[in-house]
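Structure, as structure tokens:
The values are calculated or read from the model by the stated rules, or taken from the named source; none is laboratory data. Small disclaimer: the values here were computed from a predicted structure and weren't measured. Every residue, glycine as well, gets a Cβ built from its backbone with ideal geometry; the counts of neighbours run over all protein chains shown. Ligands, DNA and RNA are stripped out before the accessible areas are found, and what is left, the full protein with its side chains, is counted by its heavy atoms. Shrake-Rupley method; radii C 1.70, N 1.55, O 1.52, S 1.80 Å.
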Amino acid sequence: MFMGEYNHTIDAKGRIIVPSKFRESLGEHFVVTVGLDGCLFVYPNEEWQHFVEQLKNLPGNKEARQLQRYFMAGAADCEVDKQGRILIPGNLRQHAGLDKDIVFVGVLSKIEIWSKERWESNSYDNMDEIADHMSEFGLSF
């Protein structure tokens, strides 16, 4: 399980240091893909395979095909170098607006990579209301 928030920077070549707390659970090879809300998703290989199976099991309608294309076309295999860095491809950097300051966020079975600006613009003012709605799904506080 991934949790926590870690601030880092991205260099001019598009390399970022993966937080040491995440490196062990990710392994040496993992997948980075476009995410939702303007971030990137990072999946350990086992979680990625699980996610791909879910995508495969979607109905054959247009929305499902679009969702499959969105995540699969944006996916890249990543490998950690000897300095603990990964290279984020240009198309993924552009998607997430990564240019200097970034934030890694652990979110259960995946990691999100955010530009610091986008991360700080997220509003959590309505969390009580959201939490109330989650009780419909069995989540209680």
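Since only ALA12, VAL34, ALA64 are under comparison, the one whose Cα sits farthest along the positive direction of the charge dipole of the chain, derived from C-beta charges on Lys, Arg, Asp and Glu, is ALA12. With the highest mean first, a sort of the peptides 52-62, 86-96, 68-78 on other beta-carbon atoms found within 10 angstrom per residue produces 86-96, 68-78, 52-62. Look at where the Cα atoms of segment 1-54 and of segment 63-128 average out, and the two centres are 7 Å apart. What segment 6-141 shows is 64 Å² of accessible area per residue, with the surface traced by a 1.4 Å probe over protein heavy atoms.
Approximating the spin labels as points 7 Å out from Cα along Cα→Cβ, the GLU46-to-MET134 distance works out to 2.4 nm. Under 15 Å of direct C-alpha separation, and excluding same-chain neighbours fewer than eight residues apart, LYS82 reaches these aspartates and glutamates: GLU24, GLU28. Think of each Lys and Arg Cβ as +1 and each Asp and Glu Cβ as -1; about the Cα centre, that makes the dipole of segment 5-116 roughly 280 debye. Straight-line reach from LYS13: taking Cα to Cα under 18 Å and skipping same-chain neighbours fewer than 8 places apart, the aspartates and glutamates in range are ASP77, GLU79, ASP81, ASP99, ASP101. Take every Cα pair under 8 Å whose residues are at least 6 apart in sequence, average their separation, divide by the length of the chain, and the relative contact order is 35 percent.
Ordered from highest to lowest accessible area with the whole protein assembly present and a 1.4 Å probe, GLU112, GLU47 read as GLU47, GLU112. Rounded to a whole number, what % of the accessible area of the chain do carbon and sulfur atoms account for, probe 1.4 Å? The computed percentage sits at 50.
Computed from label points 7 Å out along Cα-Cβ, the spacing between ALA73 and ARG118 is 1.7 nm. If you take all other residues with their beta carbon under 13 Å from the beta carbon of ARG118, and give Lys and Arg +1 and Asp and Glu -1, the sum is -3.
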